[in-house]
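First the structure, in the form of structure tokens, and then the observations on it.
The values are calculated or read from the model by the stated rules, or taken from the named source; none is laboratory data. This one's a predicted model, so the numbers in the text were calculated from it and none came from an experiment. No Cβ is skipped: glycine too gets one built from the backbone with ideal geometry, and neighbour counts run over all protein chains shown. The accessibility values were calculated without ligands, DNA or RNA, using every heavy atom of the protein model including side chains. Shrake-Rupley method; radii C 1.70, N 1.55, O 1.52, S 1.80 Å.
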Amino acid sequence: MGVLVDGVWQDRWYDTAASGGRFRREASRFRNWITPDGSPGPTGEGGFAAEPGRYHLYVSRACPWAHRTTIFRALKGLEAMVGLSVTHWLMADEGWTFAPGPGVVPDAVNGVTAIHQLYTLADPKASGRATVPVLWDKVRQTIVSNESAEIVRMFNGAFDGVGARPGDWYPAPLRDEIDALNARIYDTVNNGVYKAGFATTQAAYAEAVGPLFETLDWLEDRLSRQPFLCGASPTEADWRLFTTLLRFDPVYVGHFKCNLRRLVDYPALWACTRALYQWPGVRETVNFEHIKRHYYESHRTINPTGIVPLGPLLDFEAPPGR
Ligand SMILES: N[C@@H](CCC(=O)N[C@@H](CS)C(=O)NCC(=O)O)C(=O)O
């Protein structure tokens, strides 16, 4: 675990001392967009046209943010168009690496052994955290984007003219509703579990756990009246929620102390999670060994022994009834 300072890797853990024990997530720095014709997207510069075989995605199977991007790659049938490398689950001194291990897919594009090397290939003076996901352009030899929320939007639409599977997970009539759901779910759930888990004061922890469960209660009520967040079919908002719910009982309840209730105590949220897990192509993006081993073995300030709990026993294949 570390950070780049002017292109030099330094091994250090999050500094919460300056923020009263609160975890503050750094903003992503590479914010260009792949577009159908290479015109600029909402941020960054243009020149990244949607072309099969041009882009490569670097992920960890453990990471909920990276997981969104592999789900959209599968939903849109982009596997043959956008290559994939998968890091080792352990995030230690060198951060995310390609150390050999089951499920690791080494980097055949740039031959890097650690993700931070991609950041310095793109910018020799790069500073900041070397996070996954990273979307790489083989033509310009740089990072297109390291912001998962924007990568899923690109995957949703940019490749439709070059053979992506049809389907729009961010349909125009639902955009305001999806945006509003995303905003609350990002702050209190997706990032909320991290704020609880990485807090180093009781107050900062409590400040995260309250709103997390208020939102889960609110979502449970919504999903007890309709199968998915915006109605009969899943949208981007469901997929963004899913990657946190999937990890909730195996990791966040214990390791991050988000334990007022478990996912299985929310019948509608649990059913929705199973429905999304069983969606064609999605279970193949899930690797519970990487998920559990990453959190419990990497975060030694939280779990010094590195022991990975054997449970809980959960049946993601049980019929969702929706
Ligand atoms: N805003 C980024 C956040 C990605 C992120 O924080 N990824 C974590 C893994 S779950 C990471 O790579 N952390 C490494 C670090 O902080 O050093 C996104 O959504 O793409």
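Ranked by the mean number of other Cβ atoms within 10 Å of their residues, highest first, the peptides 39-47, 237-245 fall in the order 237-245, 39-47. Taking each residue as 0.36 nm, the span from residue 308 to residue 113 lengthens on full extension beyond its C-alpha to C-alpha distance by 67.7 nm.
Other residues within the sphere of radius under 15 Å centred on the Cβ of residue 36, judged by their own Cβ, net out at -1 (K and R +1, D and E -1). Membrane-span-like helices in the chain, defined here as complete DSSP H runs extending at least 27 Å along the helix axis by their C-alpha atoms with mean Kyte-Doolittle hydropathy no lower than -1.0, are 202-223; this is a sequence and geometry rule, not a statement about a membrane. Projected onto the charge dipole of segment 99-238 (+1 at Lys/Arg Cβ, -1 at Asp/Glu Cβ, origin at the Cα centre), which of 237, 111, 197 gives the Cα projection farthest towards the positive end? Of the listed residues, the answer is 111. Shown for the chain: the carbon plus sulfur share of the solvent-accessible area, taken with all protein chains present and a 1.4 angstrom probe, equals 55%. Per residue, how many Å² of accessible area does segment 49-116 show with a 1.4 Å probe? Result: 30 Å² per residue.
In this structure segment 172-279 gives 36 Å² per residue of accessible area when probed at 1.4 Å with all protein chains present.
Our estimate of slack between residue 139 and residue 160, defined as 0.36 nm per intervening residue step minus the Cα-Cα distance, is 5.5 nm. Counting only DSSP beta bridges with both residues in segment 2-162, what percent are antiparallel, rounded to the nearest 5? Counting only bridges with both partners in segment 2-162, antiparallel ones make up about 75 percent. Estimated from helices alone, the mean residue ellipticity of the chain at 222 nm is -9500 deg cm²/dmol (sum of -39500 (n - 2.57) over DSSP H runs with n ≥ 4, per residue).
The length gained on full extension between residue 257 and residue 202, counted as 0.36 nm times the residue separation minus their Cα-Cα distance, comes to 18.7 nm. In this structure residue 11 has an accessible area near 90 Å², from a 1.4 Å probe over the protein heavy atoms.
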